Amino acid sequence: DKRGKEYRPRLGRVRSDGWRDRVRVRMVKGQAPEQWELHASGLAHSFHAHSCRVRVLKPGRLELDFVHSDPLAAPIALPDRAKESAVDLKRVVIGRTESGRPWRLRLLGTHVLNVGVSGAGKGSLLWSVINALAPAIKSGAVRLYGIDPKGGMELGQAPELFHRVVFDNGEKAVTMLEDIATEVKRRAESYRGLRRTWTAETGDPFLLLVIDELADVVAYQTDKGLRERAARALQAITSQGRAPGVCVLGLLQDPRKEIVPFRHLFSTRVAMRLDEPAQVDMVLGDGVRQRGAAAHEISEHVPGVAWIKEDGKREPVRARAFHVTDDDLAALVAYVTDRTPVPAPVPFVVEGATA
């Protein structure tokens, strides 16, 4: 001010987690978190860190994460299925968080939207979920439905795991969606007055609907009639299906609202590598990027790394899904179908080229 008095941010508690240092800061009056975000790179270099995340704790208070190493840099192998306990649909383990804890994804009572650019590792999450559900799929307690508009490039790797699967976005896909929407209404009517939510005691299997590219079904379909039917059915499933034991796992590249206008019905949202900072808020919700969820900064060298935001939980979580190989998929199909696993073909070299 005119008297030459200096105002500086005040440092608070400092903690170290080994791979990161957490520093709490009280901002100077008039400062905004965006100003700190703009200088995050400089702060990281000043503290000899690889990166700096700026998280808002409450008005006027920040916490700076100075990241020195990435605990999720290496792929995470699938755990031994023999050591797994019974499937818990509220806590399905599909990877590991950066704090070293299991990444537990809730399926019962929610829908999951997974958004990321091509090559971000959405398939890792998809197959990690299905692998974790394998014992329940085998027993019939969980039933998988799938739509892969890309002709089966993803779900076609293990179609035996699905009760019904369609490899386009045409009439068959729309009919499947309408059949599931009808099943949702049937269950809701049969549960009325008896129970408020699905349990295994109902005798109905838990239904997981996997849509590998959601936009192809509700936005890019050129037939207006099919597109509108698909959108109506999906909105019915996502708005009414949670209590009757139906979960939608939607995979998507373009998070704009005009592509999926009912994305707010997905109460669990997963952001893998994105192109722009604005897309983080599109996927995870307004203000989540201010709490450190920098999905636009995820490296292309770590597929499967994501930021996760669940409704009802304030803080986003960073985690990495298990790495699922072709041999893992072969073993998964063999386990569910009781067949002898067929190993993936080994590439061979001809005149210096891989064939």
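The values are calculated or read from the model by the stated rules, or taken from the named source; none is laboratory data. This structure is a prediction, so every number in the text was calculated from the model and none was measured. Methodologically, a virtual Cβ is constructed for each residue, glycine included, from the backbone with ideal geometry; neighbour enumeration extends over all protein chains shown. When the accessible area is computed, the model is the full protein with side chains, heavy atoms only, and any ligands, DNA or RNA have been set aside. Shrake-Rupley method; radii C 1.70, N 1.55, O 1.52, S 1.80 Å.
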(request) Give, as residue ranges, the strands (runs of 3 or more DSSP E) completely inside region 1-105 that count at least 2 residues that are touching a residue at least 24 places away in the same chain (Cβ under 8 Å). (result) 20-26, 51-58, 61-67, 92-97, 102-105
(request) Mind telling me which of the residues THR175, THR182, THR197 ends up being β-branched (Val, Ile, Thr), part of a loop (DSSP other than H, G, I, E, B), surrounded by fewer than 23 Cβ atoms within 10 Å (Cβ to Cβ) and more than 19 Å from the chain's Cα centre (by Cα)? (result) THR197
(request) For region 136-153, name all the residues that are closer than 23 Å to ASP326 by Cβ and open to solvent by 40 Å² or more (accessible area, probe 1.4 Å). (result) LYS138, LYS150, GLY151, MET153
(request) Looking at (1) touching a Phe, Trp or Tyr at 6+ places or on another chain (Cβ under 8 Å); (2) open to solvent by 40 Å² or more (accessible area, probe 1.4 Å); (3) free of Cβ contacts under 8 Å to residues at least 60 places away in the same chain, find the lone condition where LEU234 falls short. (result) (2)
(request) Can you tell me which residue among ARG256, ARG242, ARG289, ARG273 is over 20 Å from LEU107 (Cα atoms) and touching a Ser or Thr at 6+ places or on another chain (Cβ under 9 Å)? (result) ARG273
(request) Please work out which one of (1) surrounded by fewer than 17 Cβ atoms within 10 Å (Cβ to Cβ); (2) of a type outside the set (Ser, Thr, Tyr); (3) not in a helix (DSSP H, G or I) is the condition GLU228 fails and give its number. (result) (3)
(message) For HIS163, only one of the following conditions fails: (1) surrounded by fewer than 16 Cβ atoms within 10 Å (Cβ to Cβ); (2) within 15 Å of the chain's Cα centre (by Cα). What is its number?
(response) (2)
(request) Answer yes or no: is there a residue in region 201-211 that is farther than 22 Å from SER139 by Cβ, of a type in the set (Phe, Trp, Tyr) and crowded, with 16+ Cβ neighbours inside 10 Å. (result) no
(message) Looking at region 232-268 only, could you name the residues that are closer than 20 Å to GLY116 by Cα, charged (D, E, K, R) and part of a loop (DSSP other than H, G, I, E, B)?
(response) ASP254, ARG256, LYS257, GLU258
(request) Would you mind finding the one in ALA86, ALA77, ALA73 that is under 18 Å from GLY18 (Cα atoms) and among the aliphatic types (A, V, I, L, M)? (result) ALA73
(message) Quick check on my filter: what residues within region 68-116 are open to solvent by 70 Å² or more (accessible area, probe 1.4 Å), among the hydrophobic types (A, V, I, L, M, F, W, C) and either assigned by the TED database to the domain that holds ARG256 or under 26 Å from GLU300 (Cα atoms) (or both)?
(response) ALA77
(request) Collect the residues in region 49-63 that are modelled with pLDDT of 85 or more and closer than 13 Å to ASP17 by Cβ, keeping them in residue-number order. (result) ALA49, GLU63
(message) Against the conditions (1) open to solvent by less than 30 Å² (accessible area, probe 1.4 Å); (2) outside the structural domain of SER16 (by the TED database), where does GLU63 fall short? Just the number, please.
(response) (2)
(message) Taking the conditions exactly as written (within 20 Å of the chain's Cα centre (by Cα), at pLDDT 95 or above and either among the polar types (S, T, N, Q) or open to solvent by less than 10 Å² (accessible area, probe 1.4 Å) (or both)), does VAL129 satisfy them or not?
(response) yes
